[in-house]
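Right, one structure below, let's go through it.
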Amino acid sequence: MSTNETDERLNRALSAYLRQQVQAPATAVADFLEIIIEDARRLQLAPVMADLDRMHTAGLRLNAFVTRLIEDTSADRQQGESTEEFHRRLRHDLRTPLNAIIGYSEMLIEDMADEVEAPLRGDLIKLKESADFLLGQIDAMVALTRTQEKPLERDQGLARHVDLVADVLRTVQPLRSGAVAAREQQSRVLVVDDNASNRDVLARRLAREGHDVVTAENGAAALRLCDAQDFDLILLDLIMPEIGGYEVLQRLKASERTKHIPVIVISALDELDSVIRCIEAGAEDYLPKPFDPVLLRARIDSSLERKWLRDREKQFIADLDREKRKSEALLLNILPLSIANRMRTGEIAIADSITEATILFCDLVGFTALSGQLSAEQTVDFLGQIFTAFDRLAAEAGVEKIKTIGDAYMAAAGIPEPQADHAFRIASLAPRMLRAVRDVAKATDLNLQARIGIHSGPIIAGVIGTHKFVYDVWGDSVNTASRMESHSVTGRIHVSDATRRALDGRFRFEPRGPIQVKGKGLMETFFLLEE
């Protein structure tokens, strides 16, 4: 950036800072007066209205003069008037309306000194303090008009002002050439401003409109409050000592806790580069000082409405995600994961031919007679304990539960994905299921045992139904496994020769010899021995 461009930008920044140091406090004085007048009318305090009206007129005159002076520091200079005469008259013209405000406020405060309850006295004291502060700022304003003609004669106070603005400008870097910048409910609003009058006026106006208002006198205090409390909106001054408003904005938007809070920057620094940088950093909006109260209200309402819409959207998405997870969990209780994924991709007819799988059937011996002795609640609770244990054991073994049929439990290995050790998985699971039944029977003092049948061979697996669909298996191997269970012995694991051969000597067996199996004829079968 060239020297001329830097000087031009600094001049704009100086003018902006003057608007904050003089025009903003002057506007705050006028706003204070409007609030006091509104309260006086509401409380029907007729005796003080005449003085308040005079103060209000003086405030309007002061603001008009300050505005005109900032726009052109030499606008009121008379022809032939020397610089010294112009400065003396300038100071006089600025002080005259301000002294009137201070004088009337002092008289009203004195008149109310003896009143036990003086509702406006506290506000008048604040008004006088703001006016006294502005009186000191006027000297800095006049000093600026001199330094514009003799820049080297700046006093130390003004130099500090210039340095502070320069620091802000170094933080809020200008855009490179050619860059392109991309009340329904009560809300909690944080007002951040190092000027006490600005904070108080903003806080009172917002409180009157139904907002819950918290104030912070600097950036550090604002960050501490945001760490400890929740806010719906932040009104942030840009030019502040130590931690400037731009850095506060960056920190807020970098934090997961606070990045969703809308921030409206309110600053006397109204140059386009700074506005764009704040919007890019995440500011919801940007308003120059002095602001129009009606416009500010509209911007606040608009920002809060967008925030509430975003909150509702986030809640809706969270609810939707929660319901999706519930649906996913329910679906995976019905279907294996790989089958559920195939259905999600639009596959309708799911039917797989499995060349090698092992099927297990387990039946609770004597449960029918036992259920006649139990209540419905006891029966369901008893079955629930056993089948829950079976589900856990099957999951640990990597075996797919197919279904329960009354008091029988069916599982399979080698589906829906091939498993080379399908027979081993089922053979390892079966003894644990028998022990689980014995444990539940012992704990409930009920006489119950189980018998298990296992067979290995080819099967068909798929999904049937469209309303209450289910993943199931079919084929001769399934029927044979069922026969192994029905021809088993209480407390034993009955396996076919096909399963014994598939286990390849990794388990011990007790030969049962050839038996006549319904629908299968004579079969050589075995009992798998528990380790």
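Number of residues in segment 113-128 that are under 19 Å from Ala100 (Cβ atoms) and part of a loop (DSSP other than H, G, I, E, B) equals 1. Meeting the requirement of 3 or more residues that are under 53 Å from the mean Cα position of the chain (by Cα), the helices (runs of 4 or more DSSP H) wholly within segment 416-531 are 422-444.
Exactly one residue out of Ser496, Ser477 is closer than 13 Å to Met410 by Cβ, of a type in the set (Gly, Ala, Ser) and buried (at least 20 other Cβ atoms within 10 Å of the Cβ), and it is Ser477.
State whether the residues of segment 391-404 include one that is basic (Lys, Arg) and not assigned by TED's automatic domain parsing to the domain that holds Arg435. Looking through segment 391-404, none of the residues is basic (Lys, Arg) and not assigned by TED's automatic domain parsing to the domain that holds Arg435. Based on this model, can you work out whether Leu235 counts as modelled with pLDDT of 90 or more, closer than 26 Å to Ser130 by Cβ and surrounded by 22 or more Cβ atoms within 10 Å (Cβ to Cβ)? So Leu235 passes the test. When Ala283, Ala349, Ala329 are screened for being under 30 Å from Ile459 (Cβ atoms), of a type outside the set (Lys, Arg) and in a loop (DSSP other than H, G, I, E, B), only Ala349 passes.
For segment 183-231, a residue qualifies if it is acidic (Asp, Glu), closer than 17 Å to Thr27 by Cβ and surrounded by fewer than 20 Cβ atoms within 10 Å (Cβ to Cβ), and exactly one does: Asp194. For Leu252, the test of being surrounded by 19 or more Cβ atoms within 10 Å (Cβ to Cβ), in a helix (DSSP H, G or I), touching a Lys or Arg at 6+ places or on another chain (Cβ under 9 Å) and not acidic (Asp, Glu) is passed. Mind listing whichever residues of segment 384-442 are closer than 23 Å to Ile459 by Cα and polar (S, T, N, Q)? Of everything in segment 384-442, those that are closer than 23 Å to Ile459 by Cα and polar (S, T, N, Q) turn out to be Thr404, Gln419, Ser428. Looking at segment 371-381 only, could you name the residues that are in a loop (DSSP other than H, G, I, E, B) and surrounded by 14 or more Cβ atoms within 10 Å (Cβ to Cβ)? Across segment 371-381, the qualifying residue is only Leu374.
Among residues of segment 382-415 being small (Gly, Ala, Ser) and in a loop (DSSP other than H, G, I, E, B), the one that is surrounded by the fewest Cβ atoms within 10 Å (Cβ to Cβ) is Gly406.
Within segment 442-451, one or more residues are on the phi < 0 side of the Ramachandran plot and crowded, with 22+ Cβ neighbours inside 10 Å.
The values are calculated or read from the model by the stated rules, or taken from the named source; none is laboratory data. Because the structure is predicted, anything quoted here is derived from the model rather than measured. Virtual Cβ from ideal backbone geometry, glycine too; neighbours counted across all protein chains shown.
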